[in-house]
Amino acid sequence: MTYQEGSREEYEAHLASISDAEWKRRTQDAVWFSKDPPRLGPDPPLTFHKNFTAIQPKRYVVGDFLAEGEVSCFFGEPGATKGTIAVDIACHVAAGLPWMGRTAGGHLDPWERKALGKESMPAGVLYIALERSTQVQRRVEAFTDEHGIQEPLDLAIWSGPLDLVGSERDDILSAVYAHERAQEEDEEGEGSYREVRLVVIDTLARAFGSGSDSGGEETAAVARKFERVLRFRPDLHILVVHHTPIGDDSRLRGHGNLLAAFDQTVRVRKHKVGSTATVMKDNDTAEEGKARFAYALKSRVIHVAKDGKETTAPVVVPLPAEAVKHAMPKVSVKAAGPKASKSEQPLLDALEGLGGSATEADWRVAFDAARQDGLSPSAHRKRWSVGRPALEAKGLVQKDSEGRYRVTVTNVTE
């Protein structure tokens, strides 16, 4: 109660009713006597360190990459093959087959792995194809043909609509439970029921209803929807496919709330030879431990019409990471100005290969991708840690107001 809420007599009576213990607690901080004292509610539930439960190891849908209870975002320009790699991951999880040398599918405890002789089991997958769902179907068929899979995958496609902004319903959870009920009730699939472990949303831009991915309120609403799904189903991983701004594939398109909503972001790029999927953000992985995957696409015939016309779909073929590198022109500084040392020149080459301007994270990825053969990892890291500030000190590289680095005085030679 404040003086403004009643008469002076009522206010004085209120003060007189406060116990000595309460007065002592309140007078510990002078803020109580300000014009706007804090409006405290009930004490929130706190978990003290001494009461922490034993830390449980993370459980993965794709080993050491996509974890249960997390959200990842695969982003890239149109044609970057981000949709193709998302389907490939989904199919590997549904089939229980290793993906890029990592286990994929439902988690097995150590005793289960020993008893079954397997590292993982097939898991249910919900693929929310908000655009070109028939294309996703063709890619799934191409995958099963390529890998000689005879039994149907526990993978269901839902073409929406899905509105993560305007709808108050938990539509993702509804679809997950519908998937699991259908499998449970399928007499032909008796004994093969598996819970859903992976949800793919392709693409996120189609899930904003009448809103936009550039709006702060809309993107915050999407983040809350993801949190709500994982609160009820912490055994799921949500994989989102999203776009980049036109002409800039170094970052996600949209409001900054999106980046905060993802535990992991993966940039997908198409190169002259093959494609790469590079982890840009990972909340639990150090910079040097972030993964980079390389792959090519192979066209697979999935149907031949009576007139001989073929229907094809792409399948992913893994490549060694070093097989796909950024094409980087050589850079040399003008003779009149300061020069880069031999160990600093690869950093300039990497930045120029990105168009002469990039974020520090993108610059580092390009530099790592072009690591000199025979150079030890520690020596390579030292080149970066010493070379980057040295180039800035020489004025060969500058950092602008947006935090992007750019090459200053250079001559580009092919």
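Table for the structure above
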{"read-out": "Residue match in the range 68-87 (condition: of a type in the set (Lys, Arg), touching a Ser or Thr at 6+ places or on another chain (Cβ under 9 Å) and touching a residue at least 40 places away in the same chain (Cβ under 8 Å))", "value": "yes"}
{"read-out": "Count of residues meeting criterion [in a helix (DSSP H, G or I), within 27 Å of Val268 (Cα to Cα) and in contact (Cβ under 8 Å) with a residue 40 or more places away in the chain] in the range 378-401", "value": "3"}
{"read-out": "Test for Thr203: is it polar (S, T, N, Q), more than 18 Å from the chain's Cα centre (by Cα) and crowded, with 19+ Cβ neighbours inside 10 Å", "value": "no"}
{"read-out": "Hits in the range 341-369 (condition: modelled with pLDDT under 85, in a loop (DSSP other than H, G, I, E, B) and crowded, with 18+ Cβ neighbours inside 10 Å)", "value": "Leu354"}
{"read-out": "Single unsatisfied condition, Arg233 versus (1) within 28 Å of Thr81 (Cβ to Cβ); (2) crowded, with 19+ Cβ neighbours inside 10 Å", "value": "(1)"}
{"read-out": "Residue in the range 191-203 that is more than 18 Å from Gly124 (Cβ to Cβ), touching a residue at least 40 places away in the same chain (Cβ under 8 Å) and in the same structural domain as Cys91 (by TED's automatic domain parsing) present", "value": "yes"}
{"read-out": "Residue under evaluation Pro57, criteria (1) closer than 17 Å to Asp282 by Cβ; (2) modelled with pLDDT under 95; (3) touching an Asp or Glu at 6+ places or on another chain (Cβ under 8 Å); (4) not small (Gly, Ala, Ser), criterion not met", "value": "(3)"}
{"read-out": "Tabulated pairs, the range 306-318, first more than 11 Å from Phe143 (Cα to Cα), second of a type in the set (Ser, Thr, Tyr), C-beta under 6 angstrom, 6+ apart or interchain", "value": "Thr312/Ser299; Pro318/Tyr295"}
{"read-out": "Residue match in the range 139-146 (condition: surrounded by fewer than 19 Cβ atoms within 10 Å (Cβ to Cβ), at positive phi and assigned by TED's automatic domain parsing to the domain that holds Asp64)", "value": "no"}
{"read-out": "Exclusive hit being closer than 18 Å to Ala207 by Cβ, surrounded by fewer than 19 Cβ atoms within 10 Å (Cβ to Cβ) and aliphatic (A, V, I, L, M), set Ala178, Ala129, Ala115", "value": "Ala178"}
{"read-out": "Pairs where the first residue, in the range 156-170, is without any contact (Cβ under 8 Å) to a residue 12 or more places away in the chain and over 17 Å from Leu198 (Cα atoms) and the second is of a type outside the set (Lys, Arg) and surrounded by 15 or more Cβ atoms within 10 Å (Cβ to Cβ), C-beta under 9 Å, 6+ apart", "value": "Arg169/Asp163"}
{"read-out": "Unique residue being surrounded by 15 or more Cβ atoms within 10 Å (Cβ to Cβ) and more than 30 Å from Glu310 (Cα to Cα) when the list is Leu164, Leu153", "value": "Leu164"}
{"read-out": "Test: residue in the range 400-412 that is of a type outside the set (Ser, Thr, Tyr), touching a Phe, Trp or Tyr at 6+ places or on another chain (Cβ under 7 Å) and at pLDDT 80 or above", "value": "no"}
{"read-out": "Evaluation of Leu15 against (1) among the hydrophobic types (A, V, I, L, M, F, W, C); (2) at pLDDT 80 or above; (3) in a helix (DSSP H, G or I) (one fails), failing number", "value": "(2)"}
{"read-out": "Members of the range 372-407 found to be surrounded by 15 or more Cβ atoms within 10 Å (Cβ to Cβ) and over 18 Å from Lys342 (Cβ atoms), listed by number", "value": "Arg404, Tyr405, Arg406"}
{"read-out": "Filtered residues of the range 239-261 (kept if within 16 Å of Arg206 (Cα to Cα) and in contact with a helix residue (DSSP H, G or I) (Cβ under 9 Å, 6 or more places away or on another chain))", "value": "Leu239, Val240, Val241, His242, His243, Leu252, Arg253, Gly254, His255, Leu258"}
{"read-out": "Failed criterion for Leu97 (all others in (1) at positive phi; (2) in contact (Cβ under 8 Å) with a residue 40 or more places away in the chain hold)", "value": "(1)"}
{"read-out": "Residue that is under 30 Å from Ala366 (Cα atoms) and either of a type outside the set (Asp, Glu) or not assigned by TED's automatic domain parsing to the domain that holds Ala104 (or both), where the choices are Arg224, Arg269, Arg233, Arg228", "value": "Arg269"}
{"read-out": "Residue count, the range 70-81 (criterion: farther than 16 Å from Ala291 by Cα and either surrounded by 16 or more Cβ atoms within 10 Å (Cβ to Cβ) or not assigned by TED's automatic domain parsing to the domain that holds Asp235 (or both))", "value": "6"}
{"read-out": "Total residues in the range 266-276, condition crowded, with 17+ Cβ neighbours inside 10 Å, farther than 17 Å from Ala67 by Cα and hydrophobic (A, V, I, L, M, F, W, C)", "value": "1"}
{"read-out": "Selection count where residues are exposed (fewer than 10 other Cβ atoms within 10 Å of the Cβ) and more than 27 Å from Arg267 (Cβ to Cβ), scope the range 282-320", "value": "5"}
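The values are calculated or read from the model by the stated rules, or taken from the named source; none is laboratory data. Remember, it's a predicted structure, so these values are computed and weren't measured experimentally. Don't worry about glycine lacking a Cβ; one is built from the backbone with ideal geometry, like all the others, and counts go over all protein chains shown.
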